[in-house]
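Worksheet: the structure to be examined is printed underneath.
The numbers here are math on the coordinates, done by the rules we state, and not lab data. As the structure is a prediction and not an experimental result, all values here were calculated from the model. Positions of Cβ are generated from backbone atoms using ideal geometry, with glycine treated the same way; all protein chains shown enter the neighbour counts.
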Amino acid sequence: MGKALKYSDLSPALKKAVDEAEEREKRKPLPIAKTKQPSLDLSKIDSSSVSKKRESKYNARKVEFMGEMFDSVLERDRYIFLKAEQDAGRISNLRRQVEYELVPAQYKDETHLTAKGKVSTRKVLLERAVRYKADFVYNAPNGTLVVEDAKGRRTKEYIIKKKLMLLVHKVSIREIVRENVTEK
């Protein structure tokens with residue numbers, strides 16, 4: 001099990017960024033308490049005039065840190081840890097949102113006659129490519145490539161893509177959950 005990262009271990013720039021992020025979190029308005037509302041006849045409301053704010057499927061909240069957007073607080077916290085590790089020289093080449101192709105796009109050749117009577121062939125897309133976007137990719141001290149994904153919930157789609165990453169690219173994805181966010 002890795003050593004937990006302490007605030008005092010961070011570089012001054014990271015400390016400042018962490019402090020700013022925490023201050024922004026404190027300034028966010030608190031959610032309004034839900035109270036019992038009188039029943040409404042929804043058939044009288046024109047649904048085209050009602051705007052709905054889409055909530056995350058798994059209650060993840062996007063957060064900004066150092067000018068970058070993160071899909072969750074967990075992902076941001078892992079980034080802070082990995083950035084400190086890179087600043088200390090323990091990892092290198094830290095990258096975010098790296099895309100891997102798991103299944104290439106599928107095309108078929110379609111032949112047709114042009115207006116001038118010539119035969120023309122073009123490719124027609126049958127199926128789009130299947131891709132996986134890793135939250136973090138970096139090199140471990142021994143040079144090994146590490147691919148990480150901050151996971152609040154393992155969806156069926158993610159499980160299939162994880163298996164395809166191993167099959168196609170021979171890369172095992174390291175899953176980061178709240179309990180191991182500060183582990184090496």
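Cross-link pairs exceeding 25 Å between alpha carbons, from the set Lys123/Lys170; Lys83/Lys163; Lys62/Lys156: Lys123/Lys170; Lys83/Lys163. 3J(HN,Hα) couplings calculated from phi for the range 116-133 with the Karplus curve 6.51 cos²θ - 1.76 cosθ + 1.60 (θ = phi - 60°) are, in sequence order, 8, x, 8, 8, 10, 10, 9, 8, 10, 6, 9, 9, 6, 5, 9, 10, 10, 10 Hz; Gly and Pro show x.
At an R0 of 22 angstrom, the distance between the Cβ atoms of Ile160 and Arg96 translates into a FRET efficiency of 0.45. If you take the square roots of the eigenvalues of the alpha-carbon gyration tensor of the range 58-156 and sort them as a ≥ b ≥ c, do you get rounded (a/c under 1.5), prolate (a/b over b/c) or oblate? Prolate is the answer for the range 58-156, as a/c is 1.5 or above and a/b outweighs b/c. The trypsin sites (Lys or Arg not before Pro) of the range 64-120 meeting both criteria, a DSSP state outside H, G, I, E and B (loop) and at most 10 other C-beta atoms within 10 angstrom of the site's C-beta, are Lys116, Lys118. Counted residue by residue at 0.36 nm each, then reduced by the alpha carbon distance between them, the extension gain from Asn139 to Leu167 reaches 8.0 nm. The overall shape of the range 100-169 is prolate: from the C-alpha gyration tensor, with semi-axes ordered a ≥ b ≥ c, the ratio a/c is 1.5 or greater and a/b exceeds b/c.
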